[in-house]
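Below is one structure, written out as structure tokens; comments come after it.
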Amino acid sequence: MPPGSRPIAHSAGDSERLWWRDGVIYQVYPRSFADSNGDGVGDLEGIRSRLDHLAWLGVAGIWISPFFPSPMKDFGYDVSDYCDVDPIFGSLSDFDRLLRDAHERGIRVILDFVPNHSSDQHPWFLEARASRTNPRRDWYVWRDPAPGGGPPNNWVAIFGGPAWEWDAATGQYYLHSFLREQPELNWRNPELERAMHAVLRFWLERGVDGFRIDVAHRIAKDPALRSNPLVPGSADPGYGGQLHVHDEDHPDVHALFRRMRALVDEYDERVLIGEVYLFDPARVAKYYGAGDELHQGFNFSLLSGAWSGERFRHEVERFHGAVPPQGWPNQVLSNHDVHRHATRYDHAELGEARARLAALLLLALRGTPFLYYGEEIGMRCVPIPEHRLRDPLAITLHPSLTRDPERTPMQWDETAHAGFSSAEPWLPIHADSTHRNVRAQRADAGSLLHLYRALIALRAAHPALSRGAQRTLPAPAGVFAFERARGGERFVAALNFGDEAAVASLGAGAPLSGLCSRHGAELPRDLAHVTLGPAEGVVLRVA
Ligand code: GLC
């Protein structure tokens, strides 16, 4: 049995508990979490050395962004070997040790599975491009030029330019949704599907607990590769100027996920969570199938948009309404592709209060919360000078589109390089790391870090919060109030997203216990008159 395999610590005394539904999942961006070998880039051994932080915080699982061998054109989302570890991150033995130590602490480990495209340096692609008759040719998507020349259709790459790259040696184009160094895999080829299933088994047998599936909605496209219609009236010649009816979300995708799910279900308690980057919850919901496809599709509706109680309520209700009854939603405010929410919602006076209220929102809602490393200490985005930009999106499309600011090193302590590394890190560290860091916040009972920990513990202790039903309550303008209930247990939350104080009426009686986003605040005595300061919220256990 490989070192990371079962059994792992199960939560005692709660036989109904399901880790990926009831617990909190924490995303680790491996380049930026902790560097054990002093090369300025994080690694697996670094993650292992920081597991105690994650155990102390109380997370049920971690999702690690790709650490597989890669030319790093898209920082690991261009995989050149699906079954190994890039030397910059360590080795397979490092991974086994990390998995074993995580499991020993009751922390599950989810890997990033990148099925839509490989690196152009993957041996499969090197073979495929060697000749038109190579047995692996059809593992990728090749086409002749359009009649009269030029790319086969009008599809454009998400990272800019046409989605087709001309291969002069074999006289055909190949398809890529992202960089030209990320050729699209052809899931209509049964051998390719078998090879990718073998990849899943490789990691499942090692003991991993599931996969976050990159670009899940694009692995099936129109088999006839028809051109997309244009957005009426749009002057955008790029991605935004097309209606993406043929290059993503093809109905055939569901059979692929049913087969993937059947495979994963051969193992106990493993999970598939899809990056279904479609902004219509009804379309995301289809990826749950009849409980036989993904366990979850990400709810990305809170990753952008205004700081507004009404908007948060609307988005949450919309997503909840779309997820089928046997499915389970999730909630996410930040990840490696968008600016951190503490920056998005920063405010001259209320910035810290807003970060605290956001924590309450994420951890009181129905749906598995996904935390992005560093959000537990309120890490902000780091402005990156142009000469230090690394993200291909910034380099190929526009510097302002860079995702580097949200990928900067974790701020562990006040020492040089914030305790992340002994060397200059691959991206700059925020100047605030001298005070905004894990060590300082652990020593301060009033810190955001302690608030996250307390909320995670509250959620873990009360099934009403972790897996209870949710119902919106009437609330004044700017306030999002809701009830969470299960069995005889009931909580109410009232979150004031306004910049002015507000008074919410949450029923009769006095709360039994609870938490306020403002440290040291007294809990309300009377649920009928709950006064909330600007950017303040409460979650209260009620009779
Ligand atoms: C996903 C990842 C993103 C990556 C892209 C291409 O959207 O989250 O970081 O660049 O896929 O793999």
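A search for C-beta distances below 6 Å between a residue of the stretch 330-347 that is under 10 Å from residue 378 (Cα atoms) and any residue that is within 16 Å of the ligand (Cβ to nearest atom) and open to solvent by less than 10 Å² (accessible area, probe 1.4 Å), counting only pairs 6+ apart in sequence or on different chains, returns 340/334; 340/406; 341/333; 341/334. With respect to (1) open to solvent by less than 20 Å² (accessible area, probe 1.4 Å); (2) away from the ligand (no atom under 16 Å from the Cβ), the lone exception for residue 336 is condition (2).
No other residue among 489, 483 is free of Cβ contacts under 8 Å to residues at least 24 places away in the same chain and charged (D, E, K, R) apart from 483.
One line per residue, one yes/no per condition, for (1) among the aliphatic types (A, V, I, L, M); (2) at pLDDT 95 or above; (3) under 15 Å from residue 496 (Cα atoms):
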residue: 328; (1), (2), (3): no, yes, no
residue: 339; (1), (2), (3): no, yes, no
residue: 354; (1), (2), (3): no, yes, yes
residue: 360; (1), (2), (3): yes, yes, yes
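Residues in the stretch 197-226 that are part of a helix (DSSP H, G or I), out of contact with any Asp or Glu (no Cβ under 8 Å at 6 or more places or on another chain) and surrounded by 21 or more Cβ atoms within 10 Å (Cβ to Cβ): 200, 203. With respect to the conditions (1) under 18 Å from residue 45 (Cα atoms); (2) assigned to a loop (DSSP other than H, G, I, E, B), residue 97 lacks only one, and its number is (2).
For the stretch 262-296, a tally of residues being of a type in the set (Lys, Arg) and surrounded by fewer than 19 Cβ atoms within 10 Å (Cβ to Cβ) returns 1. In this entry, residue 442 passes the filter for residues that are more than 22 Å from residue 367 (Cα to Cα), under 30 Å from the mean Cα position of the chain (by Cα) and surrounded by fewer than 22 Cβ atoms within 10 Å (Cβ to Cβ).
Against the numbered list (1) open to solvent by less than 70 Å² (accessible area, probe 1.4 Å); (2) in a loop (DSSP other than H, G, I, E, B); (3) within 16 Å of the ligand (Cβ to nearest atom), residue 125 comes up short only at (2). Among the numbered conditions (1) away from the ligand (no atom under 16 Å from the Cβ); (2) in contact with a Lys or Arg (Cβ under 9 Å, 6 or more places away or on another chain); (3) open to solvent by 10 Å² or more (accessible area, probe 1.4 Å), tell me where residue 331 comes up short. For residue 331, the exception is condition (3). Restricting attention to the stretch 241-291, the residues that are at pLDDT below 95 and more than 21 Å from the chain's Cα centre (by Cα) add up to 0.
Residue count for the stretch 236-266, restricted to those that are in contact with a Gly (Cβ under 9 Å, 6 or more places away or on another chain) and within 23 Å of residue 194 (Cβ to Cβ): 5. Of the residues making up the stretch 164-180, those that are within 13 Å of the ligand (Cβ to nearest atom) and either acidic (Asp, Glu) or surrounded by 19 or more Cβ atoms within 10 Å (Cβ to Cβ) (or both) number 4. Scanning the stretch 238-267 for residues that are free of Cβ contacts under 8 Å to residues at least 40 places away in the same chain, outside any helix (DSSP H, G or I) and over 20 Å from residue 293 (Cβ atoms) gives 243, 244, 245. Taken residue by residue, the stretch 80-90 has at least one member that is more than 13 Å from the ligand (Cβ to nearest atom), among the aliphatic types (A, V, I, L, M), open to solvent by 40 Å² or more (accessible area, probe 1.4 Å) and part of a loop (DSSP other than H, G, I, E, B). What number of residues in the stretch 343-393 are of a type in the set (Phe, Trp, Tyr) and more than 16 Å from the ligand (Cβ to nearest atom)? Of the residues in that region, 1 qualify.
All conditions in (1) within 16 Å of the ligand (Cβ to nearest atom); (2) under 22 Å from residue 217 (Cβ atoms); (3) more than 24 Å from the chain's Cα centre (by Cα) hold for residue 113, with the sole exception of (3). Checked against the criteria, residue 220 does not count as over 29 Å from residue 262 (Cα atoms), in contact with a Leu (Cβ under 9 Å, 6 or more places away or on another chain) and among the small types (Gly, Ala, Ser). Applying a threshold of 7 Å to beta carbon distances and a minimum spacing of six or more residues, or different chains, the list of pairs starting in the stretch 213-226 at a residue that is more than 17 Å from residue 140 (Cβ to Cβ) and away from the ligand (no atom under 16 Å from the Cβ) and ending at one that is open to solvent by 10 Å² or more (accessible area, probe 1.4 Å) and of a type outside the set (S, T, N, Q) reads 226/246.
Confirm whether residue 278 is within 16 Å of the ligand (Cβ to nearest atom) and among the hydrophobic types (A, V, I, L, M, F, W, C). In short, yes. Can you find a residue in the stretch 235-248 that is within 16 Å of the ligand (Cβ to nearest atom) and open to solvent by less than 10 Å² (accessible area, probe 1.4 Å)? Scanning the stretch 235-248 turns up at least one residue that is within 16 Å of the ligand (Cβ to nearest atom) and open to solvent by less than 10 Å² (accessible area, probe 1.4 Å). Modelled with pLDDT of 95 or more, in a loop (DSSP other than H, G, I, E, B), aromatic (Phe, Trp, Tyr) and touching a Phe, Trp or Tyr at 6+ places or on another chain (Cβ under 7 Å) - does that describe any residue in the stretch 72-79? No, because not a single residue in the stretch 72-79 is modelled with pLDDT of 95 or more, in a loop (DSSP other than H, G, I, E, B), aromatic (Phe, Trp, Tyr) and touching a Phe, Trp or Tyr at 6+ places or on another chain (Cβ under 7 Å).
The values are calculated or read from the model by the stated rules, or taken from the named source; none is laboratory data. Bear in mind the structure is a predicted one, so any value in this text is a computation, not a measurement. Every residue, glycine as well, gets a Cβ built from its backbone with ideal geometry; the counts of neighbours run over all protein chains shown. When the accessible area is computed, the model is the full protein with side chains, heavy atoms only, and any ligands, DNA or RNA have been set aside. Shrake-Rupley method; radii C 1.70, N 1.55, O 1.52, S 1.80 Å.
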